[in-house]
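So the structure is just underneath, and the comments pick up after that.
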Amino acid sequence: ASAQADDSDFRIGLTFRAKTGTICRSFSGEAVSGIGCREGEHWKMVSTLPGGEQNDYRQASSSAINAIAAELMAEGPMDADSERKYLKSGWK
């Protein structure tokens, strides 16, 4: 998530394994924020909230998304090394 472009329409937040076993990511954007989980070759939205203006300050919806992510997580969020491992294995 830390390697994303500064001009991206969305900011990736947490990457984590859900209790269902799928890999999920939280994100925030101007129009929508939420959590998507990887199912096969596709992402499935599991939670969405209205977005907000992206800037250096945390959006109000980000704490709500983090609370939802905490409920879905099987364990804590992935660290940078774990995420790199998934990306090197071809996961997107």
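The values are calculated or read from the model by the stated rules, or taken from the named source; none is laboratory data. Computed from a predicted model, the values in this text were never measured in an experiment. Because the Cβ atoms are built from the backbone with ideal geometry, glycine has one as well, and the counts that use them run over all protein chains shown. What goes into the accessible areas is simple: the full protein's heavy atoms, side chains included, and nothing from ligands, DNA or RNA. Shrake-Rupley method; radii C 1.70, N 1.55, O 1.52, S 1.80 Å.
Side notes on the structure shown:
- Cut-off under 5 Å, modelled amide H: who pairs with L14 long-range: S26
- Accessible surface ranking for K44, K88, 1.4 angstrom probe, highest first: K88, K44.
- For R11, the solvent-accessible surface computed with a 1.4 Å probe is close to 110 Å², ligands and nucleic acids excluded.
- Neighbourhood charge, 12 Å Cβ-Cβ cut-off, centred on L72 and excluding it, Lys, Arg +1 and Asp, Glu -1: +1
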